[in-house]
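Chemist: Below is a structure I'd like to ask you about.
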Amino acid sequence: MAVKADACFPLCLPFLTATSPVKKAILENPQIFQNCKYKNNFPLMMAKAHAAAIQNRPLPGIQTPRAVLEWSKRVEKAGECMHPLTEYPRPAMRRDSYENLNGPWQYAITASAQRPAGWDGEILVPYAPECRASGVGRTLQPGQWLHYHRYFAPPAGTGGRVLLHFGAVDYACAVQVNGHLVGGHRGGYWPFTLDITAQLNGTGRNSLWVAVQDPTGHGTQARGKQTLQPGGMFYPAQSGIWQTVWLERVPENYIQSLTVTPDYDARTVTVKAHTSAPGGAANLWVVVRAGGVTIAEDWGGDEADQDGEVTLHIADEYFFPWSPDTPFLYDLTVGTTQGEEEQFDTVHSYFALRKWSCAPDARGVLRFCLNDKPILLNGLLDQGYWPEGLYTPPSDAAVERELSEVKALGYNLLRKHAKIEPQRWYYHCDRLGLVVWQDMVNGGSKYNLWFVTYLTNVLQPLMRRLPDKAALWGLLSRGSESSREEYRRELEDTVQALRCHPCVGCWVPFNEGWGQYDAAGAVQAIRALDDTRLVDEASGWYDQGGGDVYSLHNYFYPLRVRPQTRTVALSEYGGIAWPMPGHEPPRKTYGYGTAKSREELTARYKKLQLGTVLPQLQKGLSALVYTQLTDVEDEVNGLFTYDRTAIKPDANAVRSVNAALAAEFAKVIK
């Protein structure tokens, strides 16, 4: 049914600021809505507005946001139905069978777990209902149920098993196929897989229903910076499906998990595979390629049951260590060999040879070392939010472009803060040579910010080493044993999910006391799971003296660094705010000191980096994490605007500063 243009305007214009180029394009081109089919889907409408406006007339002086351009290109290519994020979502364990289920689903928000009698409309998966990209714009409240529904056809082929994969669903969900419960999951940041073979109906029209609840700040689960009352350094909550949903058809005996452990010193890689069937891992086949050339190949033992293991040696002529300057990745193929050849399962992966350590430089000062060489880790705090999609990016290309721009500015590190990204984000860091310090996503009960943030900042010299013993667990939001057990599970899930990525160089179990308890125990648990990476025990304060990093946050005090028994990192600092004209925050501006212009922001950035930070390198400072990569909601202290269309300080000045820091570090370690 055709809808008049003026009927469409109220649906989309409230989402746009007065200075928005999207709004201007819509108002100047009302003809594009004469046959509007997208009245209930704002991102489709917005993309169509841009595509039509760009095609029908020039728009001088209007800089189209990149995210909108990405959406408009996808809409024009896909026709009337958006199909976002079509790339294979799990690069470290790829198969040829792949059916992407992203796109429009039916949704309803109700007070009951029962299947809704009717649907509220369409939602664009994998975007959360709270974000504009979903086409919904509604906030799921604690106690409510978010229901999803769609029909699907199984992947091409016959026989074997059909697996349903979810990249992440926030927070707890139950899944039904054709009216039968096939499983559920708790934990908003981790992938899970369900075998739905027995519930398929043998046709190309199968029903999939997902029911979700998310307590956000009313629970103790990992939630990062999500809040139902956004402002300052906390951001809008998001719920439900926020990463890719997909199907695979696999043989009856298939590889369920893959663990790849490179050894830089031994120049080997050990591959462990767990299979679904007894005896399925016997004679496991593994091959390593470099630049398309097979450099190592072997088979496991025939006595293996469901767990097979193969260790391969990398010859000297093919030894290419991974680093930010040379991020070489080896290709890896792993296959089962039991039964007929058509019943074999084959997965493709990759790995890198690299080694993290802490060792004294030529002057006896402890430094972070990559491949036994001191390295200055110079990077940015990365919250991982997007203006239209919150946790979910507009496209894979947008992610790759952002990371490439970070690298081009001369940075080699991102601290992924209070969030776990989709697997492809880490894949791009692996490929581009960006080191990642990975936070465990913070949880616990409601935070006592007066204690963990405000009082601690005022009394930081006194409270930095405050013990995180049982007497303080209530103040640190870990008063219940169930909450502490939940964190232990989340920590293990995080390490297991991300250990396959060479870019991850350091685990950060706690940040500024949010949900902290027994940091020493967390370090021990991480070491047991993965002893190949550094650990920053407590980023900021409540430091218990463990791990590899003497981790400082400093926004307000004079910076004074001394050599320590652990390597020194300035893991948060800076945060100079500037609300760039045309990119003002939705609420009150937040940052750590505010500049009035690009020139002032650039001058203050240079003074901080060259006048304050650079002299500390000779005293042991070895890692830098400037706050932050982009503006996020009210927080306008990013190097880039929230929509990633502009860099706020002068780009040449940033590159020059980073070159000066690298040159000084090279000098002081000799």
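The values are calculated or read from the model by the stated rules, or taken from the named source; none is laboratory data. Just so we're clear, the structure is a prediction, and the values are computed from it rather than from any experiment. We place every Cβ from the backbone using ideal geometry, glycine too, and count neighbours over all the protein chains shown. Side chains included, ligands, DNA and RNA excluded: accessible areas come from the protein's heavy atoms. Shrake-Rupley method; radii C 1.70, N 1.55, O 1.52, S 1.80 Å.
Chemist: Quick one: of the DSSP bridges fully inside the chain, what percent are antiparallel, nearest 5?
Modeler: 70 percent
Chemist: OK, next. Given a 1.4 Å probe and every protein chain left where it sits, what share in percent of the accessible area of segment 376-472 is carbon and sulfur?
Modeler: Answer for segment 376-472: carbon and sulfur cover 65 percent of the accessible area.
Chemist: May I ask which residue of SER445, LEU529, SER483 lies farthest towards the positive end of the charge dipole of the chain, with charges of +1 (Lys, Arg) and -1 (Asp, Glu) on Cβ and the Cα centre as origin?
Modeler: SER445
Chemist: Within segment 316-359, name every residue whose backbone N is under 19 Å away from a label modeled 7 Å from Cα of THR158 along the Cβ vector.
Modeler: What the label zone holds, given the 19 Å backbone N cut-off, is 340-344.
Chemist: Using only alpha-carbon positions, what ratio does the radius of gyration of segment 530-670 give when scaled by 2.2 N^0.38 Å? It would help to have the intermediate numbers written out before the result.
Modeler: On the way: Rg = 16.2 Å, N = 141, 2.2 N^0.38 = 14.4 Å.
Segment 530-670 yields a ratio of 1.12.
Chemist: Just need the relative contact order of segment 454-573 here, percent rounded to a whole number, with Cα pairs under 8 Å and 6+ apart.
Modeler: Across segment 454-573, relative contact order equals 25 percent.
Chemist: Students often forget the sequence filter, so: which aspartates and glutamates lie under 17 Å Cα-Cα from LYS606 once same-chain residues fewer than 8 apart are removed?
Modeler: Of all the aspartates and glutamates, those that pass the test against LYS606 - Cα under 17 Å, at least 8 places apart if same chain - are GLU572, ASP650, GLU664.
Chemist: Here's another thing I want to ask about it. With only alpha-carbon atoms in the gyration tensor, what are the semi-axes of the equivalent ellipsoid for segment 283-400, in Å, largest first?
Modeler: That gives 35, 25, 14 Å for the three semi-axes.
Chemist: Follow-up question, since we're still on this one. Any chance you could check the Cα centroid distance between segment 380-405 and segment 591-670 for me, in angstrom?
Modeler: The two parts, judged by their Cα centres, are 20 Å apart.
Chemist: Provide the gained length on full extension for the span LEU529 to ASN178, in nm with one decimal, where the gain is 0.36 nm per separating residue minus the Cα-Cα distance.
Modeler: 122.5 nm
Chemist: Same structure again: Dividing the alpha-carbon radius of gyration of segment 243-294 by 2.2 N^0.38 Å (N being the number of residues), what value is obtained?
Modeler: 1.45
Chemist: Let's see if you can work this out: charge +1 on each Lys and Arg Cβ, -1 on each Asp and Glu Cβ, no other charges. What is the dipole magnitude of segment 105-162 about its Cα centre, in debye to the nearest 20?
Modeler: Computed charge dipole of segment 105-162: roughly 140 debye.
Chemist: Another question, if that's okay. How are the C-alpha pair distances of segment 362-502 spread across 10 Å bins, as whole percents from the shortest bin up?
Modeler: Histogramming segment 362-502 at 10 Å steps yields 9, 29, 31, 26, 5 percent.
Chemist: Suppose every K and R has +1 on its Cβ and every D and E has -1 on its Cβ; what is the size of the dipole of the chain about the Cα centre, in Debye to the nearest 20?
Modeler: Using only the charged Cβ atoms, the result is roughly 2600 debye.
Chemist: How are the alpha carbon pair distances in segment 453-496 distributed across 10 Å bins from zero to the largest one, expressed in percent?
Modeler: It works out to 24, 38, 30, 8, in whole percents.
Chemist: Please list the non-local residues whose amide H lies under 5 Å from the amide H of THR594, H modeled 1.01 Å from N, same-chain partners needing a gap of 5 or more.
Modeler: For THR594, whose amide H was placed from the backbone, the distant partners under 5 Å are ALA577.
Chemist: If we sort 640-646, 462-468, 549-555 on the protection proxy, mean other Cβ atoms within 10 Å, highest first, what's the order?
Modeler: 549-555, 640-646, 462-468
Chemist: Ok, one more. As a test of the formula, what do you get for the chain when each DSSP H run with n ≥ 4 contributes -39,500 (n - 2.57) and the sum is divided by the residue count, at 222 nm and rounded to the nearest 500 deg cm²/dmol?
Modeler: -6000 deg cm²/dmol
Chemist: With each pseudo-label sitting 7 Å past Cα toward Cβ, what's the TRP299-PHE556 distance in nm, one decimal?
Modeler: So the two model labels end up 6.7 nm from each other.
Chemist: Treating the chain as a set of equal point scatterers at the Cα positions, no solvent, please give the Debye-formula log₁₀ I(q)/I(0) at q = 0.05, 0.07, 0.10 Å⁻¹.
Modeler: One equal scatterer on each Cα of the chain leads to -0.24, -0.48, -1.01.
Chemist: I need to check one value: relative contact order of the chain, counting alpha carbon pairs closer than 8 Å and at least 6 residues apart, in percent.
Modeler: Values: 1578 pairs, mean separation 71.9, N = 670.
Value for the chain: 11 percent.
Chemist: In addition: Sum up the charges of everything whose Cβ sits under 10 Å from the Cβ of GLY300, counting Lys and Arg as +1 and Asp and Glu as -1, but leave GLY300 out.
Modeler: Working: positive: LYS272; negative: ASP298, ASP302, GLU303, ASP307, GLU309.
Computed value for this residue: -4.
Chemist: Could I ask something else about it? Among ALA352, TYR590, GLY103, which residue has its Cα furthest toward the positive end of the charge dipole of the chain, with +1 on Lys/Arg Cβ and -1 on Asp/Glu Cβ?
Modeler: Farthest towards the positive end: TYR590.
Chemist: Listed highest first by mean packing, meaning other Cβ atoms within 10 Å per residue, what order do 558-568, 573-583, 122-132 come in?
Modeler: The densest-packed peptide leads the list: 122-132, 573-583, 558-568.
Chemist: Taking the Cα of ALA470, stepping 7 Å toward and past its beta carbon, and measuring to each backbone N in segment 521-558: which are under 16 Å?
Modeler: Counting backbone N atoms under 16 Å from the label point, the list is 521.
Chemist: Now a separate question. Find how much the distance from THR565 to GLU317 grows on full extension, using 0.36 nm per residue of separation minus their present alpha carbon separation; answer in nm with one decimal.
Modeler: 85.5 nm
Chemist: Any idea how far apart ALA408 and LEU462 come out in nm if each label point goes 7 Å out from Cα toward Cβ?
Modeler: 5.0 nm
Chemist: Related question: Just list whichever of LYS588/LYS648; LYS225/LYS619; LYS619/LYS667; LYS373/LYS407 have alpha carbons separated by over 22 Å in the model shown.
Modeler: Values: LYS588/LYS648 19 Å; LYS225/LYS619 33 Å; LYS619/LYS667 12 Å; LYS373/LYS407 20 Å.
Beyond 22 Å: LYS225/LYS619.
Chemist: Please compute the modelled spin-label separation between LYS373 and ALA659, points set 7 Å along Cα→Cβ, answer in nm with one decimal.
Modeler: Calculated label separation equals 2.0 nm.
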